[in-house]
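Below is one structure, written out as structure tokens; the observations come after it.
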Amino acid sequence: MNASSGSGLEDDASPDPTMLRRVQLIQLEILRELARRCEEQSLRWFVIGGTLLGAARHGAFIPWDDDIDIGMPRADYERFEELCRRSPDPAFSWQSGRTDPAYPFMFGKLLRTDTHVIEAAVAHLPIQHSIYVDVFPFDGAPGSGIGRRFHGIAFKVAVTALSARIRRTGVRRSLGYLFRVIPRSWAVGLIDVLARRFPYDTSPYVVNASGAWGYHRECQPRGHVEPLASLEFEGMTVPVPGHWDEYLTRIYGEYMRLPPPEQRRPRHALTIVSLGGQADPTAGSDPSPPEAPKPRSRILRIMIARLGILVVRTGFLLGRFGPPRRRVVFGVRDAARITGNLLSIQRELEGRTPPIGVRAVEYDMTPGLRGRIVGVRQAFRAGYHLATARVFVVDDWFFPMYAITPRPGTVRIQVWHGAGAFKKFGYSVLDRSFGADEEMVRLVPIHSNYDVCLVSSAAAAVHFMDAFRLPRDRFTSALGLPRTDLFFDPDLRAGAIEAIRRRYGLPTDRRILLYAPTFRGAVVREASFPNDLDLAAMRDVLATEWVILLRPHPFVRDPIRLDSDLAAFAIDVSDWPDVNELMLVADLLVTDFSSAIFEFALLDRPMAFFAPDHDAYEAERGFYFDFLTGVPGPVFEETRELAAYVRAGDFDLARVRAFARTWFDVADGHASERFVDRLVLPGLHGRPVQLDGPEADERASASGGGSPH
């Protein structure tokens, strides 16, 4: 450990005892906060590893230890993680694979947010770097020795795949490169299967599968852990495994014997940047955080695009050796998060007799060597399924679809993820700061090869024609948008409302304001949540009558930081997967440039717009209609004016209804049914899909759509 940059993987210098003790004292603060939260929620936890060894041998930290290790049964761990992610306390934050996609461990960390340390092994990763307490999930394990052997091998593969991007030396470094080819989603899925196969409370053995000492030593009879006992640690009484002596002996052997002097040093090479608010005064210099990845050069972008095209076409060529299959395939960014139109279509397909299965194919090229390797595998697989599936459906930009020459016998459908036509996209933003450039679209003709494109209205089709550079006869608004069916299904509506209210503890005596702005940032991977809205000012005016739900755009990965005094007023609902379901509990929507306004208009409820940066957004991306006059509610640039408007309650629903009539030709709860009957079933049987054409769309527009009310 040192207080300047350049510590390397291993620090041969003796650690500064004063600095180490300061770190330990901050970790004690985190431990006390963890204990408080667990006590409030009746969650089980216990100290393990070097922390347990310190409690047993020293009654305190091992003098040279630089971290605290906590264990929790898996069920308690998952509840604790959810609690931390929803916590409004800005002093502490939770870090895991669910909060940071680049986070390389199976376990989580509780962080003190105003500190900044850099651990050499993970310094290159784009994650939060703060002082932490490690929290390890404990899972059940098989009773038989052979069962534990295979259980351990499976866990080892998954954990190694997750940690493959950690900086290592020697053989472990080479193994890391090999394991980077395993998709993160696969590793996480395997861990979930293993954890649920052997529940902690009913298994004869328990294991900390991501512990430092390996599966064999970390796997112990459950009787070594339960019931818990207690020991003194730094003036605290902490829970420990009930038979802590047997537990420690299995891991460390003669644990009361001190190691040789040369081994009495911290395990983590930490560079101290800040220990709370200010740069540490003992540091010779104030090292900067790890640099963000530099933008890819033009030549590199072209090379990557050409490689992607080659791989997609190779998979496509292989698939063409066989006939198209009666199969529906979704092309998605993340197969674990199918929402919106695709989810509604999937429900309809699975509800048919017999059920029609769906296969999801991912493509999401990410930076870094592992991201490229995974992207190549995904590109090949997507190309293969584009050649073999009778029906291929996407709801966003999907690169593999644009890299091929279409095969007869496959219907390629774009259902898009948003209704209406609001923010410009596709070819409409060519060569703006947001969007593609001419050089790339000459190489990869984006939004090509669609046979059918769903739009919500004939008015929207005009703008989609510009965005996709496709003729009018590829678009239809006569089917409606499947994602709107939710609003017309009483059972789905009631179930969603009850689940949301129960999960977030929404009060019944206050109205609900849903704040759902779009993301900021020129590229998706830099998406951020706007911070212009003053939540404290909103609370001061509205707290007696309203609760505000905060819903970031799905592209935003950083957690929302909420002050503790906002806890009863502002609720982070970013972990709820479907924004349309959140709309059902909302009495008012406040947004800026989100296409959620189209669906919300169907609910016949008021909207307001908070957009102090609308001029800058217009210059960066632009709109398909005049923002100030075209949106179905007033536009505000100051929080106090918005709060006063909401408090007054003088809402113009006539404006909302006119907006809904303009942007929806059909909305009656049967869009998914029509989609399957008129597009999927003919496609699966090799029959040509007959679009209704502009005339049918005009008839639908004249007849108007229904309202869920």
If R0 is 56 Å, what FRET efficiency do you get for Ala619 and Ala212 from their C-beta distance, rounded to 0.05? 0.60
When the charge dipole of the chain is computed with +1 at the Cβ of Lys and Arg and -1 at the Cβ of Asp and Glu, the Cα pointing farthest to the positive end, of Leu582, Ser672, Tyr77, is that of Ser672
Given R₀ = 30 Å, FRET efficiency for Ile373-Arg149 by Cβ-Cβ distance, to 0.05? 0.50
Run the dipole for the chain about the Cα centre, Lys and Arg Cβ at +1, Asp and Glu Cβ at -1, nothing else charged, and hand back the magnitude in debye, nearest 20. 3400
Over the stretch 17-275, what is the percentage of antiparallel beta bridges among all DSSP beta bridges, to the nearest 5? 85
Taking a label point 7 Å from the Cα of Leu310 along the Cα→Cβ vector, which residues of the stretch 436-470 have an amide N closer than 17 Å to it? 443-444
Pairwise centroid distance, computed over Cα atoms, of the stretch 606-630 with the stretch 52-107, Å: 42
What FRET efficiency comes out for the pair Arg347/Thr237, r = Cβ-Cβ distance, R0 = 60 Å, nearest 0.05? 0.70
I need the trypsin sites (Lys or Arg not before Pro) found in the stretch 603-680, filtered to DSSP loop residues with at most 15 other beta carbons within 10 Å of theirs. none
Interchain or long-range residues, amide H under 5 Å from Met106's placed H: none
Which residues does a label at Glu82 reach in the stretch 550-594, if reach means a backbone N under 16 Å from a point 7 Å past the Cα toward the Cβ? 572-578
Taking max minus min of the Cα coordinates of the stretch 17-275 on each principal axis, largest first, gives extents in Å of 47, 43, 39
Restricting to bridges with both residues inside the chain, how much of the DSSP beta-bridge set is antiparallel, in percent to the nearest 5? 40
Projected label distance in nm at Ala75 and Ala499, using a 7 Å step from Cα toward the beta-carbon: 2.1
Separation between Cα centres of the stretch 302-377 and the stretch 528-563, rounded to whole Å: 35
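Quick check on the chain: take the gyration tensor over C-alpha atoms, sort the square-rooted eigenvalues as a ≥ b ≥ c, and tell me if it's rounded (a/c under 1.5), prolate or oblate.
Working: a/c = 1.88, a/b = 1.55, b/c = 1.22.
It is prolate, given that a/c is not under 1.5 and a/b is the larger ratio.
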In the chain, which whole DSSP H runs stretch at least 24 Å along their own axis (Cα) and average 0.5 or higher on the Kyte-Doolittle scale? 145-162, 298-319
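All of the numbers you see were taken from the coordinates with simple rules; none came from a lab. Small disclaimer: the values here were computed from a predicted structure and weren't measured. As a convention, Cβ positions derive from the backbone with ideal geometry for all residues, glycine included, and neighbour counts pool all protein chains shown.
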